[in-house]
Amino acid sequence: MLGVYIHIPFCNKICNYCDFCKILYDSDYVSKYLDKLEEEIKSRYKGELVKTIYIGGGTPSSLNNDELDRLLSIISIFNLDSEYEYTIECNIESIDINKINIFKSYGINRISFGVESFDKDICKILGRNHDEDMVFDNIYLTKKYFDNINIDLIYGVNDNIEIVKSDIAKFLELNIPHISCYSLILEEHTKLFIDKHDYIDQDKDREMYEYIKDTLRKNGYKHYEISNYARDGYESIHNKSYWLNGSYYGFGLGAVSYINNNRISNTKNMSKYLDGNYKDSCQYEDIQTRKENDLILGLRLIDGIDIDNYNNKYNDNLLDKDIINKLLNDGYIEVINNRLRCKDKYLYLENYFLEDIIGSEL
Ligand code: SF4
């Protein structure tokens, strides 16, 4: 199964927490960028069957109608599987009926909205432009044309858990099938970091995580990855392939590909990209790195890792490994139905103990 990621780095406004590869929208740059994106795709893509396409950013929906039409016609070069998933990321304030019609006409079947919060004070801290009414109006509009819709939420911006409860209640009211919930990360060079915005207390952050987990599960959402929840049949196939350490192309500024065990990173420098110097680095991943990635990514999935698959893939015995036995004996992970997975009560702490896998003998 092969995935394709396309990066559109343009945004109408830069958010205060954003560490992604992005620049302010500029129509001249968009035009030149699309020329080069097309060149890059044509020079690297060999016609393989593609299961998923994901257009991320940046804000792909910041492009105007003509630019979106051009982008999607460039992307129509991919040989899509009949059972495909095709996602585009959108901001709430840059979606309208014309764009929805363009998405439909090119076969897009999943919309992912960066909402982050419904609360006006949290939106102000994060530097997001929408308000609650806009979220409801534009998601209800989108729901008339698409059933597969995700929203991203950020929690832990301040220590008021009532805001998190209210955000989750509003998500449930929207009645859409997928949500990704992430705790705020203060990345260097972001406005929040420079302004010395503080992390909330870890116990509070954990209380929020557990509240979100329990509430969404009680309301029929399957918790399938540490931060992701979906109704039956709506798990993100594209993102799941990352956690299964699958192969994918990444095209565009700063995009990463993983093809034939090579991790290829594109340049994050727009001038270089527009000069046609797409690639920044290429790292061949040896078997140790592949095993580490299979474990660290696979244990993010709530159902964990299929032990037979892993053993067949590497002609190995996972349960013989010292690090796995240590994590089992420490009680962090367990084997259920021949799958290795993190115990529910340790999901919140998973990132800490998974670090021990790196460099261990596998
Ligand atoms: S819209 Fe997304 S990519 Fe653009 S600045 Fe905000 S968080 Fe970053």
Looking at (1) out of contact with any His (no Cβ under 9 Å at 6 or more places or on another chain); (2) farther than 17 Å from I41 by Cα; (3) away from the ligand (no atom under 16 Å from the Cβ), find the lone condition where I95 falls short.
(3)
Give S94, S112 a once-over and let me know the one that is small (G, A, S), touching a helix residue (DSSP H, G or I) at 6+ places or on another chain (Cβ under 7 Å) and within 21 Å of I176 (Cβ to Cβ).
S94
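Per-residue answers, yes or no, for (1) surrounded by 14 or more Cβ atoms within 10 Å (Cβ to Cβ); (2) modelled with pLDDT of 95 or more; (3) not charged (D, E, K, R):
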position	(1), (2), (3)
D322	no, yes, no
I333	yes, yes, yes
N337	no, yes, yes
N351	no, no, yes
Near pairs, Cβ below 9 angstrom, 6+ apart or cross-chain, from segment 24-37 (farther than 10 Å from L71 by Cα) to any residue that is surrounded by fewer than 15 Cβ atoms within 10 Å (Cβ to Cβ) and among the acidic types (D, E)
K36/D275
From the options D294, D280, residue that is within 18 Å of Y5 (Cβ to Cβ), among the acidic types (D, E), surrounded by 15 or more Cβ atoms within 10 Å (Cβ to Cβ) and outside the structural domain of E355 (by TED's automatic domain parsing)
D280
Among (1) open to solvent by less than 40 Å² (accessible area, probe 1.4 Å); (2) within 14 Å of the ligand (Cβ to nearest atom), which single condition is L68 missing?
(2)
Any residue in segment 98-117 that is within 16 Å of the ligand (Cβ to nearest atom), more than 21 Å from the chain's Cα centre (by Cα), assigned by TED's automatic domain parsing to the domain that holds K46 and modelled with pLDDT of 95 or more?
yes
Sole residue being assigned to a loop (DSSP other than H, G, I, E, B) and closer than 22 Å to L34 by Cβ, chosen from I111, I77, I100:
I77
Could you check S61 against (1) within 9 Å of the ligand (Cβ to nearest atom); (2) open to solvent by less than 10 Å² (accessible area, probe 1.4 Å); (3) of a type in the set (S, T, Y) and say which number it fails?
(1)
The residue from D203, D147 that alone is farther than 21 Å from K22 by Cβ, part of a helix (DSSP H, G or I) and not β-branched (V, I, T) is D203
Contact list, first residue from segment 40-61 and more than 29 Å from N91 (Cα to Cα), second anywhere and within 16 Å of the ligand (Cβ to nearest atom) and open to solvent by less than 50 Å² (accessible area, probe 1.4 Å), beta-carbon distance below 7 Å, six or more apart or interchain, is none
Since K42 meets every condition but one in (1) assigned to a helix (DSSP H, G or I); (2) within 16 Å of the ligand (Cβ to nearest atom); (3) farther than 21 Å from I100 by Cβ, which condition does it not meet?
(2)
Where the second residue is modelled with pLDDT under 95 and the first is within 17 Å of Y5 (Cβ to Cβ) and lies in segment 226-243, which pairs have Cβ atoms under 7 Å and are six or more apart or on separate chains?
S241/M1
Is it fair to say I305 is open to solvent by 20 Å² or more (accessible area, probe 1.4 Å), of a type in the set (A, V, I, L, M), over 21 Å from D19 (Cβ atoms) and touching a strand residue (DSSP E or B) at 6+ places or on another chain (Cβ under 7 Å)?
no
Filter result for Y33 (open to solvent by less than 20 Å² (accessible area, probe 1.4 Å), among the aromatic types (F, W, Y), away from the ligand (no atom under 14 Å from the Cβ) and out of contact with any His (no Cβ under 8 Å at 6 or more places or on another chain)):
yes
Of the criteria (1) among the basic types (K, R); (2) open to solvent by less than 70 Å² (accessible area, probe 1.4 Å); (3) within 14 Å of the ligand (Cβ to nearest atom), which one K51 fails
(3)
Select from segment 3-26 the residues that are over 26 Å from E39 (Cβ atoms) and under 15 Å from the mean Cα position of the chain (by Cα) and write down the one among them that is nearest to the ligand (Cβ to nearest atom).
C18
Note: among C15, C90, just one is part of a loop (DSSP other than H, G, I, E, B) and buried (at least 18 other Cβ atoms within 10 Å of the Cβ), namely C15
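The values are calculated or read from the model by the stated rules, or taken from the named source; none is laboratory data. Only a predicted model underlies this, so the values are computations on that prediction, with no experimental measurement involved. Neighbour counts run over all protein chains shown; Cβ positions are idealised from the backbone, glycine included. These accessible areas exclude ligands, DNA and RNA; they are computed on the full protein's heavy atoms, side chains included. Shrake-Rupley method; radii C 1.70, N 1.55, O 1.52, S 1.80 Å.
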